[in-house]
1. If you check Pro298, Pro291, which single one turns out to be of a type outside the set (Gly, Ala, Ser) and surrounded by fewer than 24 Cβ atoms within 10 Å (Cβ to Cβ)?
2. So Ser60 passes all but one of these: (1) more than 20 Å from the chain's Cα centre (by Cα); (2) crowded, with 21+ Cβ neighbours inside 10 Å. Which condition number does it fail?
3. Mind listing just one residue for me: the one in segment 356-377 that is surrounded by 19 or more Cβ atoms within 10 Å (Cβ to Cβ) and assigned to a helix (DSSP H, G or I) and, of those, nearest to the ligand (Cβ to nearest atom)?
4. As an exercise: evaluate Leu24 against (1) away from the ligand (no atom under 16 Å from the Cβ); (2) over 24 Å from Pro205 (Cα atoms); (3) modelled with pLDDT under 95 and give the number of the one condition it does not meet.
5. What are the residue pairs meeting all of these: first residue in segment 1-28, first residue closer than 15 Å to Met175 by Cβ and part of a loop (DSSP other than H, G, I, E, B), second residue near the ligand (Cβ under 8 Å from one of its atoms) and modelled with pLDDT of 90 or more, Cβ atoms under 6 Å, and 6 or more apart or on different chains?
6. Report yes if Leu376 is out of contact with any helix residue (DSSP H, G or I) (no Cβ under 8 Å at 6 or more places or on another chain) and more than 24 Å from Leu178 (Cβ to Cβ), otherwise no.
7. Please enumerate the residues belonging to segment 319-363 that are closer than 23 Å to Thr137 by Cβ and free of Cβ contacts under 8 Å to residues at least 40 places away in the same chain.
8. Go through the residues of segment 175-188 one by one and say whether even a single one is away from the ligand (no atom under 15 Å from the Cβ), in contact with a Gly (Cβ under 8 Å, 6 or more places away or on another chain), part of a helix (DSSP H, G or I) and more than 30 Å from Gly276 (Cα to Cα).
Amino acid sequence: MQDRDTFGSKFGVLVAMAGSAVGLGNLWRFPYLVGTNGGAAFIFIYLAFVFLLCLPLMYSEFVIGRRSRANVFGAFKVLAPKSNWSIVGIIAVLASISIMAFYSVVGGWTVDYFFKALTFQFSTADRNHLDVIFNTTVTSTYKPLVFMAIFVVLTALIVIAGVKKGIEKYTKIMMPLLFLMIILLDIRALTLPGASAGVSFLFKPDFSKVTSDTLLDALGQAFFSLSLGCGTIITYASYVSKNVGIVDTSIKTAVSDTLFAILAGIAIMPAVFAFGISPSEGPGLVFITLPYIFVQIPLGSILAILFFFILFIAAITSSISLMEVAVAYLIEEFKMKRLSAVLLSSAVVLVLGTLCSLSQGLLSGIKIAGRNFFDLFDFLSSNVFMTIGGLLSIIFVGWWLKKEAFKDEMHYKSKNLFCRRYIDVTFFVIKYIAPIVVFVIMLRGWLK
Ligand code: TRP
């Protein structure tokens, strides 16, 4: 066996896992979904899905990684020798690479906007002008490529340093900072005139807005937000020592992720409503609507700097977890040095990212299955690789791996009666219920 790097502390594991989970999805999609799907009613449904369905999925991936102590591909080889299960590993590597392709482009926009905020370039409250700034930012040919490259290089520099000395060391600083900064934004948002109306819009439960679409949106968002199905949890878990509790770490990760999403909602939506803007999601929300608001409120230009820094940190802590999936695979399966593995992964991401970036302008005419490159990689990762990877991982744990192995990894024997029953029920969910649920998420992604 090669000497494998490991995380140095429980806190290190938690911040790395939470860093992967907290990302753009928490900032630009969750608040919007809450605001338009019945406020607290949505949060309630989302929490139920996170705890009843997604946590068992997270435990499954954790068990696969920690038991095998190998990269996503090697993990299945170790746990199911002489079988074809390692294909799941390939799917996971493809998932992480295709997410990185468009995530890096958005990461680049974030770096660009951070510098724009630093140099006070949002000095006009003219929405059209902000539209133009955004369009120029993303449709130009060279500039977004440079910013994307900066984002990828920063990711690579952290990953090159290794698990303990790179990923753990930096997420330990970045994650607490991220929470601190979003709380500062919350305080500002809550002290705006008209904020209380926004808060009540966000949190007042309105079950009449809950439709079957709401349920599926909540489920899909929970799955994506917890970074399930793309090998990041399997890879990180392979660096976790046996004495770290899987249930404990997974619950803390899910709680941090959800808490951050709610704090993001408080930071964003009340301000949007206070200005009478109808809520939107995605790039339009963070790169157009929010700058429009920032220029109009006291201390706004500082808030803009803070906000884009938050967006950047949230994106890069996710990006390093994605790169580590491919890097661990290359190191262990192709006996590459960490440095070469990072260089190769970065090169692949830069090429695919370039296609995604240019598809906003120069190459916007090229469509594959009706989608430009950016949307194609988004679609492939969320609706194909992640869901298939997640589905197969859960079937693997429920039907192939022995229940004894699962229980052993979950420290069943040393637990009290309540925890043992919980683990039994969880295994039942993994075996019979979760596969159906992930299948439904997958079908929906295809039919949408
Ligand atoms: N959870 C991330 C977000 O909310 C997105 C994501 C999905 C991700 N799968 C991932 C991030 C895998 C890192 C690794 O934005």
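1. Pro298
2. Answer for Ser60: the failing condition is (1).
3. For segment 356-377, the residue satisfying everything is Phe377.
4. Condition (1) is where Leu24 drops out.
5. Once the first residue is closer than 15 Å to Met175 by Cβ and part of a loop (DSSP other than H, G, I, E, B) and sits in segment 1-28, its partners that are near the ligand (Cβ under 8 Å from one of its atoms) and modelled with pLDDT of 90 or more give Val22/Asp257; Val22/Ala314; Gly23/Ala314; Gly23/Ser318.
6. In short, yes.
7. Val351, Ser359, Leu363
8. no
The values are calculated or read from the model by the stated rules, or taken from the named source; none is laboratory data. Since the model is a prediction, treat every value here as computed from it, not as a measurement. Cβ atoms come from the backbone with ideal geometry, glycine included; neighbour counts cover every protein chain shown.
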